[in-house]
1. Is it true that some residue in the stretch 180-202 is closer than 14 Å to residue 110 by Cβ, without any contact (Cβ under 8 Å) to a residue 24 or more places away in the chain and not assigned by TED's automatic domain parsing to the domain that holds residue 116?
2. Please verify whether the stretch 380-396 includes one or more residues that are at pLDDT below 95 and surrounded by 19 or more Cβ atoms within 10 Å (Cβ to Cβ).
3. Any residue in the stretch 96-109 that is assigned by TED's automatic domain parsing to the domain that holds residue 359, modelled with pLDDT of 95 or more and part of a strand (DSSP E or B)?
4. Is one or more of the residues making up the stretch 64-72 under 14 Å from residue 95 (Cα atoms), surrounded by 15 or more Cβ atoms within 10 Å (Cβ to Cβ), in contact with a Ser or Thr (Cβ under 7 Å, 6 or more places away or on another chain) and at pLDDT 95 or above?
5. Count, please, the residues in the stretch 167-192 that happen to be of a type in the set (Lys, Arg) and part of a loop (DSSP other than H, G, I, E, B).
6. Can you tell me which residue in the stretch 286-312 is surrounded by the most Cβ atoms within 10 Å (Cβ to Cβ), limited to those that are small (Gly, Ala, Ser) and closer than 17 Å to residue 441 by Cβ?
7. Take the residues in the stretch 128-181 that are surrounded by fewer than 24 Cβ atoms within 10 Å (Cβ to Cβ) and of a type in the set (Phe, Trp, Tyr); name whichever of them is nearest to the chain's Cα centre (by Cα).
8. Can you tell me which residues in the stretch 56-101 are more than 23 Å from the chain's Cα centre (by Cα) and of a type in the set (Val, Ile, Thr)?
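The values are calculated or read from the model by the stated rules, or taken from the named source; none is laboratory data. Keep in mind that what you see is a predicted model, and the values were worked out from it rather than measured. Virtual Cβ from ideal backbone geometry, glycine too; neighbours counted across all protein chains shown.
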Amino acid sequence: MSLLSVGFAPRSAAQAVSDSAFIRDNYIKFEYRIPMRDGVRLFTSVYIPKATTALHPIMLTRTPYSVAPYGPEKYIQSPGPFRSRYFHEKYIIVHQDVRGRYMSEGKFMDVRPYIAVKKSPKDIDETTDSYDTVDWLIKNLPHNNGRVGVSGISYPGFYSSMVAIDAHPAVKAVSPQAPVSAWMRGDDFSHNGAFLLPHGFNFYVGFGWPRTEPAESDSRPFDQGTPDEYRFFLDIGPVKNVNKRFMKDSVEFWNALTSHWKWDEFWEARDVLPHLRNITPAMLFVGGWFDTENLWGALNAYTETERYNPRTSNQLVMGPWSHGQWGGGEGDALGSVSWGMPSASFYRDSIEFPFFRYYLEGKGEPRHFEAAVFQTGKNEWRFLDCWPPKECDSVRMFVREGGKLAMEPSAGGFATFDEYVNDPAKPVPYTDEIAHWYNPGFMLGDQRFASRRPDVLTYQSDTLKQDLTLAGPIDARLFVSTTGTDCDWIVKVIDIFPDYTPDPSPNPRQVRLGGYQMLVRGDVMRGKFRESMTDPQPFVPGKITAVGFKMQDIFHDFKRGHRIMVQIQSSWFPMIDRNPGKFLNIFNADESDFQKTTQRIYHSAAYPSCVVVRQLR
């Protein structure tokens with residue numbers, strides 16, 4: 001949920017000038033303060049085609065990130081390809097500052113809870129603000145055709161989802177993209193109870209400060225003073241020091257996030273998924289396979305909408321992208337890995353625009369599919385009738401003695417194991433690069449640096465004799481022990497390229513693809529939450545314990561000649577904050593609480609640790 005860019009690649013100077021000139025030549029800009037039912041006014045920027053007698057659909061984006069530039073004479077300079085197409089098609093373009101942000105009135109609330117039963121005009125939420133906005137636009141904007149489409153990436157994806165709940169009849173098509181859906185479970189700041197430190201810190205150190213009145217500037221710039229975030233966060237020490245040094249009790253949601261350290265009523269109220277019912281607009285959920293922020297939201301919001309609304313047109317798109325990458329650039333590569341095709345521009349031109357054009361203009365036909373999913377490894381789009389695909393067999397891949405990964409469990413002794421020492425003072429980094437905020441390509445980054453560490457266990461298969469396609473979620477099923485009372489378990493599934501793989505060309509970063517260990521999926525379980533997010537339990541030191549969790553979906557082809565690797569570790573810093581090895585609220589941990597612990601992974605006949613994958617037939 002990046003505050004600054006949500007993954008957009010910059011357009012060239014010529015493209016930006018061309019778009020800017022087109023908008024000025026063909027549009028008139030208006031600014032309105034649209035009244036909500038409780039009297040609060042929301043600042044709304046509207047671009048209407050000039051000298052027209054035709055009727056045009058409305059494209060609406062609601063955002064907490066500013067609709068700048070402000071002033072009716074100041075036009076957007078570079079809309080990027082995500083918005084540019086709708087300008088060139090002469091849609092009425094509407095951008096709105098959500099309640100309490102930038103130039104809108106009212107009080108902002110992060111992921112404002114949905115109120116199911118509204119008893120008075122004071123019972124407002126994002127669904128009522130959306131409804132009132134659309135109602136005003138339809139009644140007051142000239143030359144609109146009475147049809148509204150809504151889209152947004154990341155936090156605006158959350159607002160897009162809310163538009164679809166109790167939707168205004170004029171809303172015909174909605175595309176929540178990388179939508180925030182359930183913080184604490186799998187979006188943005190938390191995966192299975194483990195805190196994503198740079199996401200939470202970098203977002204709220206700039207975004208979360210209180211304000212007294214509407215203003216064109218609503219965020220505070222922050223400079224870490226170093227490009228090395230690993231060192232920056234390690235020097236901070238325990239997470240509690242963040243508030244002392246930077247937030248100083250002034251950032252309300254940081255205080256809430258750190259005080260509600262387990263799933264409770266606070267997080268329950270902010271879970272979007274149970275409310276995705278009675279959806280009437282056509283829905284297009286979009287996500288990226290390599291989006292560390294809101295991959296969970298895209299997959300799960302689509303699934304719950306499908307569950308609750310079987311008669312609604314509801315489609316899923318998953319491409320080979322980092323957070324928001326489909327909104328800008330060609331999408332022909334990520335990090336060191338090339339897809340051999342412009343995946344993002346294909347999506348925008350062949351999937352998204354036909355979707356909106358059909359439902360907002362009644363022209364053409366949208367692509368017919370349930371799930372448009374990019375199959376990495378094979379590097380092609382597939383248009384399926386369901387996700388995950390039904391034509392899959394469940395396969396267990398067992399970690400074995402000698403660093404082997406095999407389809408058969410070990411026949412070894414009752415409690416054979418591998419072990420490592422996890423030292424919070426020297427945590428395993430999530431990337432080998434010097435990174436600030438995070439490296440968008442880390443989710444498919446080369447893992448050879450981690451394989452060489454003594455606190456990372458590696459298990460690899462024999463060389464594959466034929467292609468193996470995995471589709472859908474991965475289940476980690478581990479039998480473990482620790483000398484502490486809490487610890488994290490990180491599991492990574494990796495595609496090992498053959499040593500003869502040629503290097504990319506051009507190759508400015510001097511990447512060596514021979515033997516490249518491409519991260520396909522990695523995720524974390526904070527051990528105390530292994531049985532329940534609401535009722536965390538300590539480990540009994542030295543006791544063999546089952547730890548299982550569902551990792552997020554993949555659609556990847558492991559090619560003949562490649563090998564599959566599974567890595568297991570207990571730190572992934574600073575992407576995941578350090579676990580001190582003690583059962584406590586980590587947000588209150590002191591430096592003295594952090595301790596070395598010895599972790600064991602068991603792989604005997606009695607304790608067959610494995611990952612469960614879905615193999616496409």
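1. Yes - at least one qualifying residue is present in the stretch 180-202.
2. No, the stretch 380-396 contains no residue that is at pLDDT below 95 and surrounded by 19 or more Cβ atoms within 10 Å (Cβ to Cβ).
3. yes
4. yes
5. Qualifying residue count for the region: 1.
6. First, pick out the residues of the stretch 286-312 that are small (Gly, Ala, Ser): 287-288, 297-298, 301.
Adding the requirement that they be closer than 17 Å to residue 441 by Cβ leaves 287-288.
Details: 287: 32, 288: 30.
So, considering only residues that are small (Gly, Ala, Ser) and closer than 17 Å to residue 441 by Cβ, the one surrounded by the most Cβ atoms within 10 Å (Cβ to Cβ) is 287.
7. 131
8. Once the filter is applied, which keeps residues that are more than 23 Å from the chain's Cα centre (by Cα) and of a type in the set (Val, Ile, Thr), the stretch 56-101 yields 58, 76, 92, 93, 94.
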